[in-house]
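Down below is the structure, laid out as structure tokens.
No lab work stands behind these numbers, since they all come straight from the coordinates. Since we're looking at a predicted model, the values are computed, not measured. FYI the Cβ positions are ideal-geometry reconstructions off the backbone, even for glycines, and counts take in every protein chain you see.
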Amino acid sequence: MATAHCPHCLLPIGDDADGPFPAQRMRCPHCRLGIAAGRARTDVDPATVSSGSAAGVLANAARREDAEAADPLVVAEALRTVAARVEVPVARLRMLDYERLSAADAELPALGSVLASAGSWKKARQAAADALAASDG
Ligand SMILES: [Zn+2]
């Protein structure tokens, strides 16, 4: 049994890929790009998923959504929440981890809203780290 990965963003899209996956054309839940039947990749090394290219595909897809900008305070709080869950400092939180957790948690603003609010993942992360430092001070 192999894990199927999106051919565009390389994030996992299915755990049960014994045969060609997907059985029918589907839309990737992460980057929203279409995946033709049987075109998922099962040869993806998890380490590859952290690559900049996967993050770039994801960011571009999120921006295409025309998401409404979230309140900067909500964004900062959401990034802190996710960073705590994956046990990294906010300043080192990866966009891919945020996308993965926010997709499964309706309480968290979508990645597109975070990017629309801050302009970029780096800026969102920096703002969250600054807010955290200010509240500690
Ligand atoms: Zn994808």
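Points to keep in mind about this one:
- Between 0 and 90 degrees, the angle of helix 52-64 with respect to the longest Cα principal axis of the chain falls at about 80 degrees.
- Taking the Cα centre of the range 4-49 as reference, the dipole from Cβ charges on Lys and Arg (+1) and Asp and Glu (-1) amounts to some 360 debye.
- Highest mean first, the peptides 34-41, 5-12 sorted by other C-beta atoms within 10 Å per residue fall in the order 5-12, 34-41.
- Karplus-derived 3J(HN,Hα) values for the range 116-126, using 6.51 cos²θ - 1.76 cosθ + 1.60 with θ = phi - 60°, are 5, 6, 9, x, 7, 4, 4, 5, 4, 5, 5 Hz; glycine and proline are entered as x.
- Look at L101, L58, L73 and count the other Cβ atoms within 10 Å of each Cβ; fewest to most, that gives L73, L101, L58.
- Less than 5 angstrom separates the built amide H of H5 from those of I13, R41, T42, all sequence-distant by 5 or more or on a different chain.
- For the chain, adding -39500 (n - 2.57) for each run of n ≥ 4 DSSP H residues and dividing by the number of residues yields -14000 deg cm²/dmol at 222 nm.
- To the nearest ten degrees, helix 72-86 and the longest principal axis of the Cα atoms of the chain are 60 degrees apart.
- Cα centre as origin, Lys/Arg/Asp/Glu Cβ charges: the range 23-130 dipole, Debye: 420
- Here the average projected area of the convex hull drawn through the C-alpha atoms of the chain stands at 8.2 nm².
- For V86, V57, order by how many other beta-carbon atoms lie within 10 Å, fewest first: V86, V57
- Divide the volume of the convex hull around the Cα atoms of the range 4-49 by the residue count and you get 59 Å³ per residue.
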